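Here the structure is laid out as structure tokens; the discussion comes afterwards.
The values are calculated or read from the model by the stated rules, or taken from the named source; none is laboratory data. Everything numeric in this text was worked out from a predicted model, so none of it was measured. Cβ placement follows ideal geometry from the backbone for every residue including glycine, while neighbour counts extend to all protein chains displayed. When the accessible area is computed, the model is the full protein with side chains, heavy atoms only, and any ligands, DNA or RNA have been set aside. Shrake-Rupley method; radii C 1.70, N 1.55, O 1.52, S 1.80 Å.
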Amino acid sequence: MRVTLRQLKIFQAVALHGSTSAAARSVPLSQSATSAAVNELEHALGTLLFDRVGKRLLLNDRGRTLLPAARAVLDGAQDIEGTFASGDSAALLDLKVFASTTIGNYVLPRVLARYRALHPDAVLDMRIGNTLDVVTAVREFATDLGFIEGPCHAPDISVLPWLEDELVVVAAPTHPLALEAGRGRLTAKQLMQPLWLLREPGSGTREAVEQALMPHLPNIRSMMTLGSSEAIKNAAAEGLGISCLSQAVVHDLVAADRLVVLATRLPRLMRRFSVIHHRVKVLSKPLQGFVAYCENAGSWQEPLPRRRAADRRAPGRQAAGRRATGRRGAA
């Protein structure tokens, strides 16, 4: 073979840092040795992999094609070394995961904490972005596993169904729709009137809401896009509008009586969280063990308080009701 692991490792470093001098410090090698390795790889493959712009080396189309394949080869070599480094097959887990926003902020931290309590020597690194970011990172071998809350249409990605998540329509207790919900389940016509607060395009929550909700509400009059579920739920709690979010996201504000789940005539809105990895990625035994551990995480979700909007009265009315009950009891 004319292509070596050393060449691929240096190629990856140059692609990441954009110059042979910066890549040389990370490998580490001299700049001349780094440049020579890049030239050797291009000669072996019979094509240029970078555009030379001054002192910068920028990946061209052939380089972008090679990068994910190079990462896959280096990833597999690292797994081999890790598996046999201790002389047996009991290697420690060194895991990089990339999770979409809802999973990364509200679901996966508990999973990682409990896993590390059982495996204190495991090295865990988590990044958070939207579903499109996660899929891109998995396709480029920039992460071991991805956790997404929306569908994945990439043909080179393996998708493992994980947890089932319920989406709920929420509003502030003082929102006009919350008061109307006290008189009966809300109709599609009623739900199309207020301002809806939604995630940005590319978000798994946005795509899930569009697939589950929009067929029933085709003519929503007004929408506002916010860049995070945290911003949306707090804006809804302040009465800015209504939204449809994961129960994991709104659990705390529903429990604190700052949000109410609206009773509607819509069918139950469900979606599936998934674990993804590249189809050609080698799953080491420790990594397979982590995936199996995650499959048992469903029972760790806390149930959402499901009090009706009609039960949420203003603090003054609640206090008056308690006082009136007390007077009747005293009588």
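Is it the case that the stretch 87-104 has a residue that's part of a helix (DSSP H, G or I) and free of Cβ contacts under 8 Å to residues at least 24 places away in the same chain? Lay out the reasoning, then the answer.
Step one: of the stretch 87-104, the residues part of a helix (DSSP H, G or I) are 101-104.
Among the residues that remain, those that are also free of Cβ contacts under 8 Å to residues at least 24 places away in the same chain are: none.
For the stretch 87-104, residues part of a helix (DSSP H, G or I) and free of Cβ contacts under 8 Å to residues at least 24 places away in the same chain: absent.
Can you confirm whether Val123 is touching a Leu at 6+ places or on another chain (Cβ under 8 Å), in contact (Cβ under 8 Å) with a residue 12 or more places away in the chain and either surrounded by 14 or more Cβ atoms within 10 Å (Cβ to Cβ) or of a type in the set (Phe, Trp, Tyr) (or both)?
Considered against the rule, which asks whether it is touching a Leu at 6+ places or on another chain (Cβ under 8 Å), in contact (Cβ under 8 Å) with a residue 12 or more places away in the chain and either surrounded by 14 or more Cβ atoms within 10 Å (Cβ to Cβ) or of a type in the set (Phe, Trp, Tyr) (or both), Val123 comes out as no.
Among (1) at pLDDT 90 or above; (2) of a type outside the set (Ser, Thr, Tyr); (3) farther than 30 Å from Thr143 by Cβ; (4) not in a loop (DSSP other than H, G, I, E, B), where does Ala324 come up short?
Going through (1) at pLDDT 90 or above; (2) of a type outside the set (Ser, Thr, Tyr); (3) farther than 30 Å from Thr143 by Cβ; (4) not in a loop (DSSP other than H, G, I, E, B) one by one, Ala324 breaks only (1).
Does the stretch 243-264 contain any residue that is at negative phi, of a type in the set (Lys, Arg) and in contact with a strand residue (DSSP E or B) (Cβ under 8 Å, 6 or more places away or on another chain)? Reasoning before the result, please.
Our first condition is that a residue be at negative phi; within the stretch 243-264, this holds for 243-256, 258-264.
Of the ones still in play, those that are also of a type in the set (Lys, Arg) are 258.
If we keep only those that are in contact with a strand residue (DSSP E or B) (Cβ under 8 Å, 6 or more places away or on another chain) as well, we get none.
Looking for residues that are at negative phi, of a type in the set (Lys, Arg) and in contact with a strand residue (DSSP E or B) (Cβ under 8 Å, 6 or more places away or on another chain), one finds none in the stretch 243-264, hence no.
Given the conditions (1) part of a helix (DSSP H, G or I); (2) open to solvent by 40 Å² or more (accessible area, probe 1.4 Å), which single one is not true for Phe11?
Tallying (1) part of a helix (DSSP H, G or I); (2) open to solvent by 40 Å² or more (accessible area, probe 1.4 Å), Phe11 fails exactly one: (2).
Is it the case, given these coordinates, that Leu67 is in contact with a Ser or Thr (Cβ under 8 Å, 6 or more places away or on another chain) and open to solvent by less than 30 Å² (accessible area, probe 1.4 Å)?
no
Which residue is surrounded by the most Cβ atoms within 10 Å (Cβ to Cβ), if the candidates are limited to the stretch 144-163 and must be in contact with an Asp or Glu (Cβ under 9 Å, 6 or more places away or on another chain) and part of a loop (DSSP other than H, G, I, E, B)?
For the stretch 144-163, the residue satisfying everything is Glu149.
On the given criteria, is Ala171 over 18 Å from Val134 (Cβ atoms) and at pLDDT 90 or above?
Against the criterion (over 18 Å from Val134 (Cβ atoms) and at pLDDT 90 or above), Ala171 qualifies.
Looking only at strands (runs of 3 or more DSSP E) that fall completely inside the stretch 174-268, which ones have 3 or more residues that are surrounded by fewer than 21 Cβ atoms within 10 Å (Cβ to Cβ) and either modelled with pLDDT under 90 or more than 19 Å from the chain's Cα centre (by Cα) (or both)?
Answer list for the stretch 174-268: 222-225.
Which of the residues that make up the stretch 16-38 are in contact with a strand residue (DSSP E or B) (Cβ under 6 Å, 6 or more places away or on another chain) and open to solvent by 30 Å² or more (accessible area, probe 1.4 Å)?
Matches in the stretch 16-38: none.
State whether one or more residues within the stretch 281-293 are of a type in the set (S, T, N, Q), surrounded by fewer than 17 Cβ atoms within 10 Å (Cβ to Cβ), more than 17 Å from Pro173 (Cα to Cα) and at pLDDT 80 or above.
Looking through the stretch 281-293, at least one residue is of a type in the set (S, T, N, Q), surrounded by fewer than 17 Cβ atoms within 10 Å (Cβ to Cβ), more than 17 Å from Pro173 (Cα to Cα) and at pLDDT 80 or above.
Confirm whether Leu57 is part of a helix (DSSP H, G or I), open to solvent by less than 80 Å² (accessible area, probe 1.4 Å) and in contact (Cβ under 8 Å) with a residue 24 or more places away in the chain. If you could, list the steps in order and put the result at the bottom.
Values: part of a helix (DSSP H, G or I): no; open to solvent by less than 80 Å² (accessible area, probe 1.4 Å): yes; in contact (Cβ under 8 Å) with a residue 24 or more places away in the chain: yes.
It is false that Leu57 is part of a helix (DSSP H, G or I), open to solvent by less than 80 Å² (accessible area, probe 1.4 Å) and in contact (Cβ under 8 Å) with a residue 24 or more places away in the chain.
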